[in-house]
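Asks: Please read through the structure below; I'll follow up with questions.
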Amino acid sequence: MIKKRALITGITGMDGSHLADLLLEKGYEVFGMERRTSTPNRTNIEHLEGKITFVNGDLSDQMSLLRCLKKTKPDEVYNLAAQSFVYASFITPEQSSDVDGLGVLRMLEAIREYGKPVKFYQASTSEMFGKVQETPQKETTTFYPRSPYGVAKLYGHWITKNYRESYGMFNCCGILFNHESERRGVEFVTRKITDGVARIHLGLQDKIVLGNLDAKRDWGYAPDYVEAMWLMVQQDEPDDYVISTGKTYSIREFLDYSFKHIGITDWSKYVGQDERYMRPSEVDLLRGDSSKALKNLGWKPKTSLEEMVGKMIDNDIKQLGEK
Ligand code: NAP
Ligand code: G4F
């Protein structure tokens, strides 16, 4: 049987590595696009070495994307690469916009130039809802991004739709709400907390210093969410879908679950706050309605927040113990 071929950009990231695991399980030949860095960080993909093929490319370099397509001859392209840290997009807005906005255009142009049928998935985000215009947020909710990241992602979202409508390309956008896992970068609030809690448990750290504790997020588990990406691409007709749990929790509630996991109920002396982690403009509340994904894709989240927090902390304790 001929294997389907998939190219994943952002392979070193959290989602890229989980999607590669899923596609390998499904019998795909997987290609992962990596960019050059002075000190490569392959923590998330060590286990994939020898199982997938790595190719070099960068979303800020048009020709490198075309070369990746020619080399890998994919049936499906999952564009997961991005400068994905919202806070950093306030510090490097131009670079973030270039990669997260124009980078999508470059990939779409590369696919057009390549000329063979390719199904394209774009990693859109709940950050596009920003200052939310209704709750819960669904596919038809008006967007109001609150960061250079959100604005750039909105461009990526609309250019993906525009190329679908203009050129009949199979392009779909997953509007994914926050999702986390043991492979999440440590600068994101969930992993910063689970890593900090693990360190406190092991006596390696006294305090976790955070920013705004009142923001609310709809947090799911990344391995559940990459399945939704794959399902979108398997449909006969391309479309856009919200992927979320429908539940929302504040950072304070995430702290409750995390400290409870190591037997602490009053965490006040272990958590500090500092202005430097506050954002110039904040997304206060996200809660998604993924009923369209349930109806058309048969997708629903499997992992609860409490379960996910437990997995992340146990993994952080294990990793720190091994070090
Ligand atoms: P992540 O862990 O930060 O991974 C981002 C990936 O993009 C990394 O592999 C990174 O490579 C790569 N990358 C960055 N700039 C690049 C460039 N110029 N050219 C090529 N590759 C580049 O992000 P994630 O959490 O897995 O998210 C995956 C995608 O979903 C992102 O597009 C993100 O914006 C979007 N998204 C995420 C969430 C979420 O909650 N996780 C929700 C909605 C949407 P390096 O290792 O070299 O930096
Ligand atoms: O973990 P965060 O940095 O994630 P954020 O900004 O929600 O973005 C993530 O989810 C988006 C989907 O909605 C993705 F598109 C994006 O790529 C990324 O994966 O921050 C979550 C909340 C914010 O309100 C932030 O202000 O946590 C608050 N927070 C409080 N203290 C903190 C901290 N965030 C970080 N990163 N670090 C803190 O110390």
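Asks: Checking the conditions here, which among LYS207, LYS216, LYS192 is under 19 Å from TYR257 (Cα atoms), within 17 Å of the chain's Cα centre (by Cα), open to solvent by 10 Å² or more (accessible area, probe 1.4 Å) and among the charged types (D, E, K, R)?
Replies: Result of the check over LYS207, LYS216, LYS192: LYS192.
Asks: When segment 33-60 is examined, which residues are found to be in contact with a helix residue (DSSP H, G or I) (Cβ under 6 Å, 6 or more places away or on another chain) and within 23 Å of SER96 (Cα to Cα)?
Replies: Result: MET33, ASN44, VAL55, GLY57, ASP58, LEU59, SER60.
Asks: Scan segment 3-17 and report the pairs whose first residue is more than 17 Å from THR72 (Cβ to Cβ) and whose second residue is more than 6 Å from ligand 1 (Cβ to nearest atom) and aromatic (Phe, Trp, Tyr), with Cβ atoms within less than 8 Å and a gap of 6+ or a chain change.
Replies: Close Cβ pairs (under 8 Å, with a partner that is more than 6 Å from ligand 1 (Cβ to nearest atom) and aromatic (Phe, Trp, Tyr)) amount to ASP15/TYR225.
Asks: Please count how many residues of segment 1-18 are over 16 Å from GLY57 (Cβ atoms), more than 9 Å from ligand 1 (Cβ to nearest atom) and among the aliphatic types (A, V, I, L, M).
Replies: Residues flagged as over 16 Å from GLY57 (Cβ atoms), more than 9 Å from ligand 1 (Cβ to nearest atom) and among the aliphatic types (A, V, I, L, M) within segment 1-18 amount to 2.
Okay, residues lined up against (1) closer than 30 Å to ASP239 by Cβ; (2) over 22 Å from the mean Cα position of the chain (by Cα); (3) not assigned by TED's automatic domain parsing to the domain that holds PHE143:
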| site | (1), (2), (3) |
| --- | --- |
| ASP256 | no, yes, yes |
| GLY263 | no, yes, yes |
| ASP266 | no, yes, yes |
| GLU275 | no, yes, yes |
| MET278 | no, no, yes |
| SER281 | no, no, yes |
| LEU297 | yes, no, yes |
| MET308 | yes, no, yes |
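Asks: Another one. Name every residue in segment 222-261 that is within 24 Å of HIS201 (Cβ to Cβ) and buried (at least 21 other Cβ atoms within 10 Å of the Cβ), in order of residue number. Let's see the steps before the verdict.
Replies: Going residue by residue through segment 222-261, those that are within 24 Å of HIS201 (Cβ to Cβ) are 222, 249-261.
Result: ALA222, PHE254, LEU255, SER258, PHE259.
Asks: Show me the strands (runs of 3 or more DSSP E) found entirely inside segment 43-137 where at least 2 residues are closer than 27 Å to PRO280 by Cα.
Replies: By residue number, 119-125.
Here's the yes/no breakdown for (1) within 16 Å of ligand 1 (Cβ to nearest atom); (2) part of a loop (DSSP other than H, G, I, E, B):
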site: ASN162; (1), (2): no, no
site: SER166; (1), (2): no, no
site: ASN171; (1), (2): yes, no
site: GLY174; (1), (2): yes, no
site: GLU182; (1), (2): yes, yes
site: GLY185; (1), (2): yes, yes
site: LYS192; (1), (2): yes, no
site: GLY196; (1), (2): no, no
site: GLY203; (1), (2): no, yes
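Asks: Would you mind stating whether VAL30 is in contact with a strand residue (DSSP E or B) (Cβ under 7 Å, 6 or more places away or on another chain), more than 21 Å from PRO223 (Cβ to Cβ) and not in a helix (DSSP H, G or I)?
Replies: Numbers: in contact with a strand residue (DSSP E or B) (Cβ under 7 Å, 6 or more places away or on another chain): yes; more than 21 Å from PRO223 (Cβ to Cβ): no; not in a helix (DSSP H, G or I): yes.
No: the conditions fail for VAL30.
Asks: Suppose the filter is crowded, with 24+ Cβ neighbours inside 10 Å and within 15 Å of ligand 1 (Cβ to nearest atom); does ALA110 pass it?
Replies: Taking the combined requirement at face value, the residue does not satisfy it.
Asks: Still on this structure, please answer the following. Would you check which residues across segment 262-303 are aliphatic (A, V, I, L, M), open to solvent by less than 80 Å² (accessible area, probe 1.4 Å) and more than 11 Å from ligand 2 (Cβ to nearest atom) and list them? Spell out how you get there, then give the answer.
Replies: Looking only at segment 262-303, we keep the residues that are aliphatic (A, V, I, L, M), and these are 262, 264, 271, 278, 283, 285-286, 293-294, 297.
Still in the list and also open to solvent by less than 80 Å² (accessible area, probe 1.4 Å): 262, 264, 271, 278, 283, 285-286, 293, 297.
Matches in segment 262-303: ILE262, ILE264, ALA293, LEU297.
Asks: Inside segment 104-131, can you point out the residues that are hydroxyl-bearing (Ser, Thr, Tyr) and more than 16 Å from ligand 2 (Cβ to nearest atom)?
Replies: TYR114
Asks: For segment 43-92, give me each residue that is touching a Gly at 6+ places or on another chain (Cβ under 6 Å) and within 12 Å of ligand 1 (Cβ to nearest atom).
Replies: Answer for segment 43-92, where residues must be touching a Gly at 6+ places or on another chain (Cβ under 6 Å) and within 12 Å of ligand 1 (Cβ to nearest atom): PHE54, LEU59, SER64, LEU65, CYS68, LEU80, ALA81.
The values are calculated or read from the model by the stated rules, or taken from the named source; none is laboratory data. Given the structure is predicted, the values throughout are model-derived calculations rather than measurements. Reconstructed Cβ throughout: ideal geometry from the backbone, glycine too, with neighbour counts over all protein chains shown. With ligands, DNA and RNA removed, areas are computed over all heavy atoms of the protein, side chains included. Shrake-Rupley method; radii C 1.70, N 1.55, O 1.52, S 1.80 Å.
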